[in-house]
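J.: Sharing a structure below in structure tokens format, with a few things to ask.
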Amino acid sequence: MKVLIAGGAGYIGSTIASACRDTGIVPVILDSLVTGRRQFTAGRAYYQGEISDGPLVDRVFAEHPDIYAVIHCAALIVVPDSVADPIRYYRANVANSLEFAAGLLRNGCKRLIFSSSAAIYKAREDLTVDEDSPIDPQSPYARTKAVCEAMFADIAAAQPLRVLSLRYFNPIGADPKMRTGLQLRRPTHALGKMIQAQEDGVPFLITGTDWPTRDGSGIRDYIHVWDLATAHVAALTRFDALPGPVTAINLGTGAGTTVRELLDTFNRVSGRPVQAREAGRRPGDTAGAYTRTGRARQLLGWQPQYDIADGIRHSLQWSALRDDRLPDDAAP
Ligand SMILES: NC(=O)c1ccc[n+]([C@@H]2O[C@H](COP(=O)([O-])OP(=O)(O)OC[C@H]3O[C@@H](n4cnc5c(N)ncnc54)[C@H](O)[C@@H]3O)[C@@H](O)[C@H]2O)c1
């Protein structure tokens with residue numbers, strides 16, 4: 001089987017490409033490198049360019065007429081940037097995806113797996129969500145994901161295209177074989193900040209301690225990036241058995257972890273404890289959410305294999321290797 005991965009030079013897409021390769025599925029990568037890294041495409045069929053570049057998409061399909069499905073991970077993903085520059089985000093994520101969909105249909109592609117986000121949901125009071133929870137994105141970034149899902153559903157209703165939206169919770173970790181990981185030196189999510197605090201020898205800031213959670217800190221559903229990747233392999237295998245022309249599935253562990261709990265596990269796993277300091281909420285922060293459904297298990301036969309300690313261990317391992325693997329943008 002061959003699969004086109006748009007955004008396959010990024011953190012999640014490159015991990016999906018490795019999981020595909022490990023199971024005999026051949027990945028073909030289309031990526032502009034706006035945030036991805038060329039090193040993550042090594043040894044893979046790779047086309048550099050925009051997903052909205054129709055002639056390039058036509059060339060990819062002409063040279064790989066046996067592409068079975070497309071996984072669409074190509075997007076800009078930084079929430080505060082989307083607040084500051086929504087036009088850039090709607091153009092990058094929505095307008096480009098529309099052109100891409102047209103290119104896929106023109107080339108007879110019938111199966112699309114879309115990287116969506118759990119950030120599109122309004123959580124219940126207990127901070128859980130399922131696939132039928134109300135859609136209520138809280139940032140322009142999250143709204144671009146909801147708009148894309150709706151746009152693909154409209155297209156699937158009129159054209160021979162079936163769409164699976166995989167709504168990711170909070171990915172952590174790296175490829176357990178350390179082929180790829182997070183390309184950023186200074187990631188802004190909680191685990192990235194803990195690693196940074198450890199490197200810099202400064203306290204970790206718990207931003208927000210008055211959320212309606214068991215310990216007041218924000219709660220997330222941390223999912224190992226390798227588990228996310230294997231869910232895509234399962235989705236490729238089961239795609240034609242999915243119930244509708246349009247399906248949405250949450251990819252999380254089903255367990256919420258608070259920031260304080262994450263820090264406790266980080267300190268246990270890393271062996272070099274980081275001090276915590278309490279701080280106020282940041283603008284745009286939310287209490288967070290976690291998934292409460294088993295749809296991924298029912299429809300994909302998938303469940304996560306790694307726990308949070310594994311995710312932290314792999315993130316730390318990758319962070320120590322990162323500058324060697326990505327020397328172009330290593331620390332000065
Ligand atoms: N990382 C997360 O926390 C998270 C959570 C939920 C959903 N997602 C979704 O997963 C997908 C992958 O995220 P990631 O964390 O790997 O981000 P990333 O920035 O590492 O990867 C995105 C990749 O897409 C490429 N790209 C972006 N726009 C493109 C375009 N117009 N044409 C061609 N290539 C383009 C980038 O160069 C990059 O390689 C995104 O769609 C994101 O919205 C991510």
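J.: List the residues whose amide H sits under 5 Å from the amide H of Ile29, counting only those 5 or more places along or on another chain, with H placed 1.01 Å from N in the peptide plane.
T.: Ile5, Ala45, Tyr46, Tyr47
J.: While we're on this one: I'd like the trypsin sites (Lys or Arg not before Pro) in the range 140-232 restricted to DSSP loop residues with at most 13 other Cβ atoms within 10 Å, sorted by number.
T.: Counting only loop positions with at most 13 other Cβ atoms within 10 Å, the trypsin sites (Lys or Arg not before Pro) in the range 140-232 are Lys177, Arg214.
J.: Running a GNM on the chain with Cα contacts under 10 Å, which residue among Gly311, Gly280, Gly13 ends up with the highest mean-square fluctuation?
T.: Per the Cα network of the chain with a 10 Å cutoff, Gly280 tops the list.
J.: Listed here are the pairs Lys110/Lys177; Lys2/Lys177; Lys2/Lys122; which of them are more than 27 Å apart at the Cα?
T.: Numbers: Lys110/Lys177 32 Å; Lys2/Lys177 22 Å; Lys2/Lys122 36 Å.
From the list (Lys110/Lys177; Lys2/Lys177; Lys2/Lys122), the Cα-Cα distance tops 27 Å for Lys110/Lys177; Lys2/Lys122.
J.: Output ³J(HN,Hα) for the range 96-101: one whole-Hz value per residue in order, computed from phi by the Karplus curve 6.51 cos²θ - 1.76 cosθ + 1.60 with θ = phi - 60°, and x for Gly and Pro.
T.: Values, residue by residue: 4, 5, 5, 4, 4, 4 Hz.
J.: On the accessible surface of the range 157-245, probed at 1.4 Å, how many percent belong to carbon and sulfur atoms? Walk me through the intermediate numbers first.
T.: Details: 1860 of 3420 Å².
The computed percentage sits at 54.
J.: Show log10 I(q)/I(0) for the chain at q = 0.06, 0.08, 0.11, 0.13 Å⁻¹, two decimals, from a solvent-free Debye sum over equal Cα scatterers.
T.: At q = 0.06, 0.08, 0.11, 0.13 Å⁻¹ the computed log10 ratios are -0.19, -0.35, -0.68, -0.98.
J.: Note down the net charge around Asn96, summing +1 for each Lys or Arg and -1 for each Asp or Glu among other residues with Cβ under 14 Å from its Cβ. All intermediate terms of the calculation are to be shown ahead of the outcome.
T.: Values: positive: Arg88, Arg91, Lys145; negative: Asp31, Glu50, Asp53, Glu99.
That sum, taken over residues with Cβ under 14 Å, equals -1.
J.: Let me ask something else about it. At 1.4 Å probe size, what's the solvent-accessible area of Cys148? Round to the nearest 10 Å².
T.: Rounded to the nearest 10, that gives 0 Å².
J.: Then there is this: Rounded to a whole number, what % of the accessible area of the range 9-52 do carbon and sulfur atoms account for, probe 1.4 Å?
T.: Numbers: 780 of 1540 Å².
Exposed carbon and sulfur together represent 51 percent of the surface.
J.: Which net charge results for the neighbourhood of Ile29, defined as the other residues with beta-carbon distances under 11 angstrom from its beta-carbon, given Lys and Arg at +1 and Asp and Glu at -1?
T.: Numbers: positive: Arg38, Arg44; negative: Asp31.
Charge balance near Ile29 sits at +1.
J.: Separate question: Accessible area of the range 279-331 with a 1.4 Å probe: how many percent of it is carbon plus sulfur?
T.: C and S atoms contribute 45 percent here.
J.: Taking only protein heavy atoms and a 1.4 Å probe, what accessible area per residue, in Å², does the chain have with all protein chains in place? It would help to have the intermediate numbers written out before the result.
T.: Values: 14440 Å² over 332 residues.
Averaged over the residues of the chain, the accessible area is 43 Å².
J.: Could you tell me the relative contact order of the chain? Use alpha-carbon pairs under 8 Å, at least six residues apart, and round to a whole percent.
T.: Worked out over the chain, it gives 19 percent.
J.: Out of all DSSP beta bridges with both ends in the chain, state the antiparallel percent to the nearest 5.
T.: Looking only at bridges with both residues in the chain, the antiparallel portion is about 5 percent.
J.: Once the Cβ-Cβ distance between Arg277 and Asp126 is put in as r, and R0 is 30 Å, what FRET efficiency do you end up with, to the nearest 0.05?
T.: Once the sixth-power term is evaluated, E becomes 0.55.
The values are calculated or read from the model by the stated rules, or taken from the named source; none is laboratory data. Keep in mind that this is a model prediction, so the values were computed, not measured. Cβ sites come from the backbone with ideal geometry, for glycine too, and all protein chains shown count toward neighbours. Accessible surface is based on the protein model in full, side chains and every heavy atom, while ligands, DNA and RNA are left aside. Shrake-Rupley method; radii C 1.70, N 1.55, O 1.52, S 1.80 Å.
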